[in-house]
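Right, one structure below, let's go through it.
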Amino acid sequence: MNYESISFETEDNIAVVTLNRPQRRNALSLSLMRELIDCLSAIGNRRDLRVVILAAAGSVFSSGHDLSEMVGRELEEYRQLFAICTELMARLQSIPQPVIAEVQGMATAAGCQLVASCDLAIAAERASFATPGVRIGLFCITPMVALSRALGRKRALEMLLTGEAIDAQTAADWGLVNRVVPAERLRTETVRLARRIAEASDMVVALGKNAFYAEIDLDQPKAYACAQEVMSRNAVACDAQEGISAFLEKRTPCWTGK
């Protein structure tokens, strides 16, 4: 897969997708977002790839929307821009593979939204996160959707209303990222997490990821109704029966993806 604004490579059964506009602070232009959607969709159709790492070239993870595309446009053009952005964030969560954000630097506005929308995130100690749109007259309303779900109301609103950045450790404490590591160990720790996930049955991981997003915003009775049906279907799957048998027999399971 050849792209202009992103790069794609694989490490065994791990896909590494890299935002590759360092000269523009990896701003999410319309073309970059479309390339990401296309790349993620292609990855989603591949059974040989178990996990996705979303990384970025340069010192900035992403500065958010490309503001040069947001001056003097018509209403329908803005609607299209934010529709594509919404499609991208949804695609991160709808593909069967878990997506890990590898955050090496600052992630602001829609760049922060990108991190919040990924299933998992690991940040370097120097990374920072902000939704500063309020400072330029454009409230980060679409980033607010992902941010409020990751952080909860009070912390999300603090970021949204002040526009102030939080450091990587605060982001971990607040639940925006899973952990913080030294910059020189960022790729090593991200790949280690990806490989740990990839040890499981790809079918079971995909089933679980889909169920997570299906139930997370339901009330408890509906969530349990959803969960018990999915878990019942999981229990009759070949990989579930193999995994249970392997555990009881004290051997390594042999996954078939069925």
Measure off 7 Å from each Cα along the Cα-to-Cβ vector at CYS238 and GLN220, then give the distance between these two points in nanometres to one decimal.
3.9
Rounding to the nearest 10 and keeping the result within 0 to 90°, find how far the Cα-based axis of helix 238-248 lies from the longest principal axis of the chain.
70
Here FRET efficiency (C-beta to C-beta, TYR78 to TYR213, R₀ 30 Å, nearest 0.05) is 0.65
With a 10 Å Cβ neighbour count serving as the proxy for reagent exposure, in which order, fewest first, do LYS154, LYS209 appear?
LYS154, LYS209
Stretched out fully, how many nm does the piece from ILE141 to THR252 gain, at 0.36 nm a residue minus the Cα gap?
35.2 nm
Normalised by the residues of the range 6-198, what does the relative contact order come to in percent, with Cα pairs under 8 Å and at least six apart?
20
Sort 245-255, 75-85 by the packing proxy (mean of other Cβ within 10 Å over each peptide's residues), most packed first.
75-85, 245-255
Only helical DSSP H runs with n ≥ 4 go in: add -39500 (n - 2.57) per run for the chain, normalise by residue count and round the 222 nm mean residue ellipticity to 500 deg cm²/dmol.
-15000 deg cm²/dmol
Compute the angle between helix 186-198 and the longest alpha-carbon principal axis of the chain, please, reported from 0 to 90 degrees and rounded to the nearest 10.
40
Option label - P(r) over Cα pairs in 5 Å bins from 0, in percent computed here, alternatives (1) 1, 6, 12, 16, 18, 17, 12, 8, 5, 2, 1, 0, 0, 0; (2) 1, 5, 9, 11, 10, 10, 7, 6, 5, 6, 6, 6, 6, 5, 4, 2, 2, 1, 0; (3) 1, 6, 12, 14, 15, 13, 11, 10, 7, 4, 2, 1, 1, 1, 0, 0, 0:
(1)
Choice from GLN104, GLN93, GLN241 with maximal GNM fluctuation in the chain (Cα, 10 Å cutoff):
GLN241
Kindly put ARG91, ARG195, ARG153 in sequence by how many other C-beta atoms sit within 10 Å of each C-beta, fewest to most.
ARG153, ARG195, ARG91
Would you order ASP219, ASP12, ASP119 from fewest to most other beta-carbon atoms within 10 Å of each residue's own beta-carbon?
ASP219, ASP12, ASP119
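Laboratory data are not the source of any read-out in this text; all were calculated from the coordinates shown. The structure displayed is predicted, hence computed values, not measured ones. In this analysis, Cβ positions are derived from the backbone assuming ideal geometry, glycine residues included, and neighbour counts consider all displayed protein chains.
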